[in-house]
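**Q** Before I ask anything, here is the structure I am working with.
Quick note: the coordinates plus some simple rules give every number you see, no bench work behind them. This is a predicted model, so every value here is computed, not measured. In this analysis, Cβ positions are derived from the backbone assuming ideal geometry, glycine residues included, and neighbour counts consider all displayed protein chains.
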Amino acid sequence: MRLGGLVGCAAAVAVVLSAAPALAQELPKDGMTASEIAAWLKRSGDAAQVAPDTTTPGDQVVSTVIDGVDVDIYLYQCAGEGDARRCKSIQYATGWAPQAGLTVEKANAWNSSNRYIKAYITPKGSLYGEYDLDVSPGGTFEMLDDSLDNWRGMLTEFKKFFGA
């Protein structure tokens, strides 16, 4: 009787352990390189290319197209040189040329009722949307995937709201 109870208990433990979720894949502890971000986007099914950031000498930017919209991913809080440059923070960014109806008041209305993508209008009337994300310290590729899903969903709403 005792042996049967132990076997049953061991079987129950095995079932519980086999049903446990797999451990999340950790992001590199010191941040990510532009090449790692591009590779992650490609694994997600998006094209991506790395180029020098023309706004900040020495930095790189990752460019992609998400749901028909050109998106740049800027890297911040970086250390190192060239392709080995690790960055602790990223920013999804996209923009549109000036058009009728784009006002600071409209951007403020968006910002006061929506999370993730923050809108702003430049002095020349261009519309930009940006979403910041820390990738270090701590974080997982699943978290990164979730941020991309948030960006995609909110980008659709952003375009509708602004008529972009």
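**Q** By how many degrees, 0 to 90 and rounded to 10, does the Cα axis of helix 34-43 deviate from the longest principal axis of the chain?
**A** Approximately 70 degrees, to the nearest ten.
**Q** Follow-up. Which value results for Rg/Rh of the chain when Rg is the Cα radius of gyration and Rh the Kirkwood radius based on the inverse mean 1/r?
**A** 1.18
**Q** Which whole-number percent is the relative contact order of the chain (Cα, under 8 Å, 6+ apart)?
**A** The normalised contact order for the chain reaches 21 percent.
**Q** Please go through the residue pairs 29/160; 42/124; 42/106; 42/159 and name each one whose alpha carbons sit more than 31 Å apart in this structure.
**A** Result: 29/160; 42/124; 42/106 exceed 31 Å.
**Q** Could you please report the charge total around residue 69, scoring K, R as +1 and D, E as -1 over all other residues with beta-carbon less than 14 angstrom from its beta-carbon?
**A** Around residue 69, the charge tally is -3.
**Q** Identify which of 126, 147, 89 has the largest mean-square fluctuation in a Gaussian network model of the chain, with springs joining Cα atoms closer than 10 Å.
**A** Sorting by GNM fluctuation, first place goes to 126.
**Q** Working from Cα positions, state the angle (0 to 90°, nearest 10) between the long axis of helix 141-162 and the longest principal axis of the chain.
**A** 40
**Q** With a Förster radius of 25 Å, plug the Cβ-Cβ distance of residue 156 and residue 134 into 1/(1 + (r/R0)^6) and report the FRET value to the nearest 0.05.
**A** Calculated transfer efficiency: 0.55.
**Q** Counting alpha carbon pairs within less than 8 Å and at least 6 residues apart, what relative contact order, in whole percent, applies to the stretch 67-107?
**A** 36
**Q** For every helix of n ≥ 4 consecutive DSSP H residues, a contribution of -39,500 (n - 2.57) applies; sum these over the chain, divide by its total residues, and give [θ] at 222 nm rounded to the nearest 500 deg cm²/dmol.
**A** About -12000 deg cm²/dmol.
**Q** What angle do you read, to the nearest 10 degrees and between 0 and 90, between the alpha-carbon axis of helix 104-113 and the longest principal axis of the chain?
**A** 10
**Q** For the stretch 36-79, count the residues as N, evaluate 2.2 N^0.38 Å, and divide the Cα radius of gyration by that value, please.
**A** My calculation over the Cα atoms of the stretch 36-79 gives 1.16.
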